[in-house]
Structure formats: structure tokens, C-alpha cells
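Each remark here refers to the structure printed beneath this line.
The values are calculated or read from the model by the stated rules, or taken from the named source; none is laboratory data. Everything quoted here is computed from the prediction, not taken from an experiment. When we count neighbours, we look across all protein chains shown, and the Cβ atoms used for this are built from the backbone with ideal geometry, even at glycine. Keep in mind that these areas ignore ligands, DNA and RNA; they rest on the heavy atoms of the full protein, side chains included. Shrake-Rupley method; radii C 1.70, N 1.55, O 1.52, S 1.80 Å.
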Amino acid sequence: MRDEDKPFVLYRAGRWSFRIVPRNGEGWRIMAVWIALSTVPTGLFIWFATRHPEGPVHFAGLGVYLLTLLIWIIASVRWMKARAVEVDVSDPLALKREQDRQRRRR
């Protein structure tokens, strides 16, 4: 996929510090679909929790729900990263910090 066709921008400020934002209308639509589809496990958990409001079965269901959301988040981030233009902002941030330090010394 060419950089012009990618629907997301990934701003990287370090190895684990990054931010993914939609780049165009297609990116916003894809993000909306990911969020809309995440309502399915949430709705299922709400339905389950109303039937089992307390006890170990409720907490087991909560654990399954949280694990499902974690897997969903990891999958969406990996999918979006593969379709994102990467912009490394760590070097400009380091330069800005150095300039701020020099200003404070004066």
C-alpha cells in the first residue's frame, strides 16, 4: 500500500509511545467500524451480567469480557499500524527539550 493510500497516521515518540489518528474520511470510517463492532462483546457482557449479577460466575464472565477487549484492542492497533504512515517525532522532541534547557540556563 502506497503512503498516499494509507488511512492512518502513526506518530511515534519512542519505542512504546505512539499515537494513531485517522488521516482521511476512510480512516474515520474504519475507526468507526472498529468501535461499532466492539459494542458486540460489550452488549453480550451486559446481557450476561444482568443474568448473573454477582458471584464467581459473574467474575468469570467479567474476566472473559476484559480478555476479549484486550485482544480486540491489540488486534485493532496492529491492524491500524499496518495501514498507517509513520511519523517519528522523537528527534524534534529531543531538540525542543534541549532548546528549553538552554533557555532555562540563561
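With all pairs of separate Cα atoms included, the chain yields a Kirkwood hydrodynamic radius of 16.9 Å. Taking every DSSP helix (H) stretch of at least 4 residues in the chain, weighting each as -39,500 (n - 2.57) and dividing the sum by the residue count yields a mean residue ellipticity at 222 nm of -22000 deg cm²/dmol.
In the context of the full protein assembly, MET80 retains an accessible surface of approximately 20 Å², using a probe radius of 1.4 Å and ignoring ligands and nucleic acids. For region 16-106, GluC sites (Glu not before Pro) are listed when DSSP marks them as loop and at most 10 other Cβ atoms sit within 10 Å of their Cβ; the list is GLU54.
Pairing the Cα long axis of helix 39-51 with the longest principal axis of the chain, what angle in degrees results, from 0 to 90 and rounded to the nearest 10? Compared with the principal axis, the helix lies near 40 degrees. Largest accessible area first, the residues PHE59, PHE8, PHE45, PHE18 order themselves as PHE59, PHE18, PHE45, PHE8 under a 1.4 Å probe with ligands, DNA and RNA left out. Relative to the longest principal axis of the Cα atoms of the chain, the long axis of helix 25-37 lies at roughly 30 degrees.
Where does helix 90-105 land angle-wise versus the long Cα axis of the chain, in degrees 0 to 90, nearest 10? Around 60 degrees separate the two axes. Selection among ALA49, ILE73, GLY61 by position relative to the dipole of region 8-105 gives ILE73 as farthest towards the positive end (Cβ unit charges, Cα centre).
Only bridges with both residues in the chain count here: give the DSSP antiparallel percent, nearest 5. Provide the component values of the computation, followed by the final result.
Details: 5 of 10 bridges.
Percentage antiparallel, nearest 5: 50.
Translational diffusion of region 1-41 was estimated from the Stokes-Einstein equation, with Rh taken as the Kirkwood radius over Cα pairs; at 25 °C and 0.890 mPa s the coefficient is 214 µm²/s. Simple point charges give the picture: +1 on the Cβ of Lys and Arg, -1 on the Cβ of Asp and Glu, and for the chain a dipole about the Cα centre of about 660 debye.
Solvent-accessible area assigned to carbon and sulfur over the chain amounts to 63 percent, based on a 1.4 Å probe.
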